[in-house]
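Working notes, beginning with the structure itself.
The values are calculated or read from the model by the stated rules, or taken from the named source; none is laboratory data. Small disclaimer: the values here were computed from a predicted structure and weren't measured. Reconstructed Cβ throughout: ideal geometry from the backbone, glycine too, with neighbour counts over all protein chains shown. Protein only, heavy atoms only, side chains kept; ligands, DNA and RNA dropped before computing areas. Shrake-Rupley method; radii C 1.70, N 1.55, O 1.52, S 1.80 Å.
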Amino acid sequence: MKFEEINLSGFGKYPKARCRVTRPPGIFEINEILKTDSVLARGLGRSYGDSSLNDKGVVAESILMNRFIAFDEETGILRCEAGVTYKDILDTFVLRGWFPAVTPGTKYVTMGGAIASDVHGKNHHNVGSFSSFLLSFKILLASGEIMECSRTQNSDLFWATVGGMGLTGFILEAEIQLKKISSPYLTNRSLKLKNMDELFDKLEEFDADYHYSVAWMDIVASGKSYGRNVLLLGNHAGSDELTNKLKAISSKKYIEKKISVPFEVPFATLNKVSITLFNSAFYMAAKNKIEFVHYDKYFYPLDFILNWNHIYSKSGLIQYQLNVPEDKGKEAIDKVLKKVVAFGGGSFLAVLKKMGAQDGILSFPFKGYTLSMDFPVKKGVVEMCKVLDEIVVDYGGRNYLTKDSILDEKTFKQMYNGLWEKWMKIKMKYDPENKFTSNQARRLGLCPS
Ligand SMILES: Cc1cc2nc3c(=O)[nH]c(=O)nc-3n(C[C@H](O)[C@H](O)[C@H](O)COP(=O)(O)OP(=O)(O)OC[C@H]3O[C@@H](n4cnc5c(N)ncnc54)[C@H](O)[C@@H]3O)c2cc1C
């Protein structure tokens, strides 16, 4: 098999590690690697930190294992290989009236990656995460055995693999429930809000009326503008609600137009002034309005800018995503934001979402509020994140492993207290020799270094 030795990173381009990478076309090849090396499956590398890196073995990309296997037009149940992406599903099934029931903010994510991170979307507070619509999957274990897992079959492995960051085995196939839609558009309501109090009130007020909700916060603004944000609320639009023009467009294949960040932006251009200007411009341009928005713009605005992570220069970025319990969520987020504003290392717009209850072991979501922020990697940023970690732990919260690049073992184990131990027992049952490992797993003490 062909291996390539390259400096690999996740989407944040931080950290980088020298990895041996290959693209196995099937099970036979993965088993061959397992005879001599540790393995980590990788999808499209849209996780931000080092969860898709393995510099002590092989990184096996699932990109060639990307076939649809079966689809039931009546029920919307799709079976496919783990390398199939959201883009593949959207391109094939939207025109047939089916949509992923849970989608992250980029469509360049494989089904294997979606399971391993148990991804969530703007509707988590209503329907839960990806695993809520995952009926079963097939996984290749370290022993070479192939297992089918669901809530009723090998259920311990099912729950350890969902959110298990690729550490239980190589996911080969997934069976998922798609959602029926009657148009590719959403009805979006934008609310321009002055502060966090308004935001938390509106999130409560509109909870039942909108399937999707997300707020973009300006977290550079201080003084009177502190906490200003734009709340976006959405529902799938019925075909009968659309204008004739949109109805006509809806029946055709959608062509995306993209712009690109052609090179890594020098660090000097990305400073407090430029970020402040960008965030202010976004807030100023926002209007209270209701409009129809195509799903591509609604769910995947960042996909329109190819290589947008280049904007963070060669040093890359840390995406910090926390989730804190509902009862003191506002207080915790306020404390975090004040630290970030004081640090002045600000992020482009931060994203705040309400989260619902969630089954799972290492799955990130639970009932509360999640905030994600991008920080360009520069002096003092890691130290600032460590201060944020303390707040998150104090409030009984946790960070999202698929975004993480810096948590230490002790803090991780505090955040996932009682869960990581449960997970570890299942890992030892199915992979006692730690054949599936990653740089992140070794950093967090989920695998030996
Ligand atoms: C712009 C952007 C927006 C995003 N928005 C969201 C969001 O709204 N919600 C959200 O939850 N996430 C979001 N993410 C994160 C992203 O959804 C997850 O990181 C996802 O896991 C990436 O999938 P991938 O296929 O690229 O996997 P990779 O990044 O390559 O891998 C991620 C993990 O999955 C494991 N894995 C991948 N394939 C397999 C397999 N076949 N078998 C076993 N393990 C496997 C890897 O080992 C690794 O641990 C976003 C990312 C970006 C870049």
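Laid out as a table, the results:
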quantity	calculated
Percent carbon-and-sulfur accessible area, the chain, ignoring ligands, DNA and RNA, probe 1.4 Å	55
Asn288-Lys379 pseudo-label distance in nm [points 7 Å out on the Cα-to-Cβ vector]	4.6
Span per principal axis, largest first, for the Cα atoms of the chain (Å)	60, 53, 43
Theoretical gain in end-to-end length, Asn235 to Glu433 [0.36 nm per residue, Cα-Cα removed]	66.6 nm
Anisotropy class of the range 303-444 from Cα gyration tensor, a/c 1.5 cut	oblate
Modelled FRET efficiency - R0 56 Å, Asn417 with Lys297, Cβ distances, 0.05 increments	0.90
Listed residues Ala237, Pro432, Phe137: farthest to the positive end of the dipole of the chain (Cβ charges)	Ala237
Cα shape, the range 22-112, gyration tensor, a/c 1.5 rule	oblate
Probe 1.4 Å - accessible area at Arg398, Å² to nearest ten	30
Extension gain (nm, one decimal) between Asp201 and Glu29, 0.36 nm per residue minus Cα-Cα	56.5 nm
Additional length obtainable on full extension of the chain from Ile146 to Lys2, 0.36 nm per residue less Cα span	49.4 nm
The chain, accessible area per residue, ligands and nucleic acids excluded (1.4 Å, Å²)	41
